[in-house]
Every structure is written in C-alpha cells, then in structure tokens.
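Beneath this line is the structure, given in structure tokens, with notes to follow.
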Amino acid sequence: MAMRHIKPVKYDFAAWTYLIPESEIRRLLRFQVPYYFAGGKPGVLPLDIFAKILIDMGTEQLMKIAQGRGGEVIDDYNYGPTAGIQSFREVLAERLKRKDNIPLGSDGWEKVIITSGSQQALYAVLDVLIDPGDTVIVPSPAYLGFLGPAVKLGANVISVPTDQEGMIPEFVEEAIERALKEEIIKKAPEIIYVIADSDNPKGTTLPTKRRQRLFEIAAQWGIVIVEDAAYREIQFDEEKRPAIKSFDKDNEWVAYIRSTSKEAAPFRIGYAVFPDAIREQVEKAKGYLDLCSSVFVQKILEVYYKKYIDDFLKRAVEIYKRRCKAMRETIDETFPEGERTNPTGGFFIWWESKKPFDAKKFLLEVAAPNGVVYVPGGAFYPIKGYQYNPDTRSFERVKPKVNTMRLSYSYNTEEDIRIGIAKLGELLSKHLSS
C-alpha cells in the first residue's frame with residue numbers, strides 16, 4: 001500500500017510568539033558546562049533544614065493518619081485559596097512589618113498575596129495595569145523577566161539611563177515630561193519598574209535619596225512603582241536602605257514583590273503587597289493563571305520562615321559575599337579593559353568591554369565550547385521601545401549594548417569562580433586583541 005504524503009501542520013500562532021524570543025536565561029540552562037555564570041541559581045541552600053522540616057511534617061501526618069485523623073491532613077495536599085493560606089501570609093506579614101517597615105496595619109496578612117514565584121506577580125501586575133500602548137518606565141538595562149511580558153502585553157517601553165548607583169530619578173522625571181511634550185506618549189506612564197536592592201542585571205543598589213525621590217515622582221504623577229525586591233535579603237552591608245514601599249504609608253503607589261527563591265529555595269513561591277484595588281485584580285488574574293499555589297509548599301515555607309530563615313541567611317549571605325569578592329578580584333586581574341559594577345549584595349556583576357564586540361556571538365563560538373557560560377548583556381534591553389538620552393533631551397529607538405555581559409557568582413564555589421572567570425578573561429583578552 002502506497003504511503004500518502006502528509007503535509008506538515010501549520011498553526012496560526014499568536015502574533016507575540018513571532019515577536020518575542022525565548023528567555024535567554026532559560027535557554028542557557030540547557031548548557032551543561034563546568035563554569036556556569038549565567039542564571040541566578042542559588043548555590044547556598046538550606047538542605048538540612050528542609051530535610052528536617054519534611055521529616056517532621058511527614059512524621060506528624062503519619063501519626064494523624066494512624067490515629068484516624070487523616071481528614072486533618074488531606075487539605076495539606078489539596079487546592080487552597082488563590083491568595084495563599086492564611087497562616088503563611090500571617091508569618092510573612094509579621095516579618096515584612098518587622099524587618100522592612102512595610103505599612104500593613106492590623107489586618108496586614110490580608111494585604112499579602114502568594115504567587116507562583118515573583119515572576120507570576122510581575123506578569124500579573126502588568127496584565128491588570130497595561131493595555132496596548134500604555135507606557136512603562138524601566139532602567140537601562142533591565143531584568144528581562146519584566147521586559148518580555150511588558151512587550152508581550154503591548155506596553156510602550158521607555159528606558160532611562162543608570163549609573164553605578166542604579167536608576168536616576170531626575171532622568172525618570174525628564175523622560176516623562178519630554179515624552180508627554182513630544183507626544184511620544186498620550187498620558188502619564190502606568191508603571192515605573194525598579195529593583196532597588198542589588199539590581200538584576202547590574203547589581204547596583206539605589207541610595208535612600210533616590211528611593212525617596214522615585215516615590216515622590218510616582219505619587220506626583222499617579223504612577224505605580226513596581227518594586228522588585230528579589231534580592232532584598234541578600235545584602236552584604238549590615239544596614240539595609242529603606243524599601244521604597246516603606247514610604248507608601250497609604251498603600252497607594254508601590255507594588256512590593258518578593259521571592260522565596262533567594263531567601264529559601266526555588267520552590268516557585270513569591271509574595272507581594274499591592275495597593276488594595278490592584279491586589280484584588282491580581283488575585284483574580286492569578287485564579288485564571290494557576291488557580292492557586294501549592295498548599296504543601298506553603299506549609300513547608302511557613303515553618304522555615306518561622307524558625308530558621310534568619311540564622312540561615314546570616315551564613316548564606318557571608319558565603320555569597322566571599323563569592324562576589326572572588327569574582328570581582330578575578331575580573332580585575334584577568335579581563336581586558338572594560339568597566340564592571342561593584343555589587344553590595346545580590347547575585348550579579350555587570351561587565352562592559354571598552355572595545356566593541358558581540359558578547360552573544362562570543363558566547364556561542366568561544367566561551368561555551370570552552371566550558372564557560374554567562375548571559376549576554378543584549379538580552380536585558382527591550383526588543384522594541386525608546387531610550388531617553390539626557391544629553392540631547394530626546395528619545396531614540398532602543399539600541400542594546402552588545403559588548404556587555406551579566407555574570408552570576410551565586411552558584412559556583414569561590415575556587416571554581418576564580419578558575420572559570422580567569423579562563424573567561426583569557427579567552428576575552430585573546431579575542432579582543434586579535
């Protein structure tokens with residue numbers, strides 16, 4: 001019997017699938033190399049603590065089942081409230097008030113919403129605030145996990161310059177005023193996005209005055225600040241600067257988004273405090289995205305945040321501090337001429353070559369085949385939008401800096417960092433001198 005020729009199926013995908021590439025960070029996870037400086041994978045995890053919590057929880061559950069009280073256990077493995085279980089939210093609310101001075105009030109736990117990773121919170125807040133053509137202000141460069149969804153949802157992205165201390169408020173204000181005057185935008189932006197503590201990708205931290213000024217700009221113009229505080233707990237200085245959210249006494253202008261991934265482990269649980277009306281819409285959106293976050297994982301983390309987090313973080317932050325130091329020193333010793341940031345926390349260093357070169361092409365053709373990966377800096381610029389030039393007080397189409405890279409020191413040991421970064425420095429020096 002003759003075989004019939006079957007035509008390949010052609011699907012009519014949504015327009016965004018052709019516009020937006022796969023996340024560069026997720027793509028690079030496929031590389032199996034000895035020196036992985038790409039994604040921000042935590043390399044210091046409380047393995048013994050979580051093993052103990054699981055044993056204790058399992059033992060307690062088995063006892064209840066043996067006593068015929070299985071009904072008390074079943075909900076640990078069931079669907080839960082969309083916003084998260086009350087007991088876990090109470091623990092987080094107490095900590096946010098105590099550690100970060102977040103103004104939550106007496107019913108604070110109700111203002112805390114649990115999400116499936118902070119990434120879901122970022123997506124959901126864009127989903128409920130942005131219509132096609134609405135504007136968001138971002139630093140240049142910015143976290144690609146925010147930029148991708150923003151462009152996908154049709155946002156008009158305006159990037160403003162940064163320096164060694166992060167986002168520059170005067171340029172944010174100038175950009176808003178000039179964009180309205182030149183009719184690049186029809187109304188004030190909906191969102192200002194910022195990572196105040198140890199920015200991703202640059203690792204920079206905003207001084208207190210800049211935080212205060214950004215909040216004042218947001219309140220003046222009626223703009224929501226999305227404060228991504230993923231690295232809030234990974235700070236090398238003993239004294240933290242105030243969260244921008246702490247200035248938001250009436251809970252009106254700051255969406256404060258946190259992640260357990262860096263504070264505990266990547267269980268895909270985030271938590272956030274939104275202005276009340278925004279929280280209601282985010283909860284509704286989450287209900288359609290994933291129904292709810294895992295109740296069992298929330299129970300595990302509830303115990304961790306109650307009993308273990310502070311002691312563990314003291315040890316973890318000291319290790320990350322030493323790894324950062326190892327990377328800084330080795331870059332300075334082995335890299336060709338360029339400029340790097342000087343993080344005081346977080347997971348990343350940003351490096352920019354003085355000589356022009358294509359960091360993505362170099363990664364694929366030279367670095368990865370030699371066992372080293374990083375994230376090319378071009379991934380942290382929006383694929384469409386404008387960038388504000390304060391020198392000319394004008395706007396230009398976004399032009400990614402392709403001679404840059406983000407290097408993560410979180411995952412590897414100090415020894416591997418020194419060996420791998422020295423190897424990368426040797427490869428870069430050879431390439432840029434030819």
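The values are calculated or read from the model by the stated rules, or taken from the named source; none is laboratory data. Since this is a predicted model, take the numbers as computed values, not measurements. In this analysis, Cβ positions are derived from the backbone assuming ideal geometry, glycine residues included, and neighbour counts consider all displayed protein chains. The protein model used for the area step is the full one, side chains on, heavy atoms only, and it has no ligands, DNA or RNA in it. Shrake-Rupley method; radii C 1.70, N 1.55, O 1.52, S 1.80 Å.
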**OP:** Please determine, by comparing only the residues of region 120-137 that are without any contact (Cβ under 8 Å) to a residue 60 or more places away in the chain and charged (D, E, K, R), which one is surrounded by the fewest Cβ atoms within 10 Å (Cβ to Cβ).
**Re:** 131
Subject >> Top-ranked residue in region 165-185 [being touching a strand residue (DSSP E or B) at 6+ places or on another chain (Cβ under 9 Å) and either open to solvent by 50 Å² or more (accessible area, probe 1.4 Å) or without any contact (Cβ under 8 Å) to a residue 24 or more places away in the chain (or both); ranked as farthest from residue 216 (Cα to Cα)] >> reply: 182
Original post:
For region 229-240, how many residues are at pLDDT 95 or above and over 13 Å from residue 99 (Cβ atoms)?
Top reply: 4
Subject >> Selection from region 212-252 of residues that are assigned to a loop (DSSP other than H, G, I, E, B), small (Gly, Ala, Ser) and open to solvent by 20 Å² or more (accessible area, probe 1.4 Å) >> reply: 222
**OP:** Restrict the check to region 70-85 and report whether at least one residue is in contact (Cβ under 8 Å) with a residue 40 or more places away in the chain, of a type outside the set (Phe, Trp, Tyr), more than 30 Å from residue 366 (Cβ to Cβ) and touching a strand residue (DSSP E or B) at 6+ places or on another chain (Cβ under 6 Å).
**Re:** yes
**OP:** Note down all Cβ pairs under 6 Å where the first residue falls in region 269-286 and is in a helix (DSSP H, G or I), the second is among the polar types (S, T, N, Q), and they're at least six residues apart or on different chains.
**Re:** 283/82; 286/82
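Yes or no, residue by residue, for (1) in contact with a helix residue (DSSP H, G or I) (Cβ under 9 Å, 6 or more places away or on another chain); (2) open to solvent by less than 70 Å² (accessible area, probe 1.4 Å):
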residue	(1), (2)
271	yes, yes
284	yes, no
288	no, no
292	yes, yes
301	yes, yes
317	no, yes
321	no, no
328	no, yes
Original post:
Tell me, which residue of region 97-117 that is assigned to a helix (DSSP H, G or I) and under 12 Å from residue 251 (Cβ atoms) is least open to solvent (accessible area, probe 1.4 Å)?
Top reply: 108
**OP:** Please state which one of 43, 80, 71 is open to solvent by less than 70 Å² (accessible area, probe 1.4 Å) and in a helix (DSSP H, G or I).
**Re:** 71
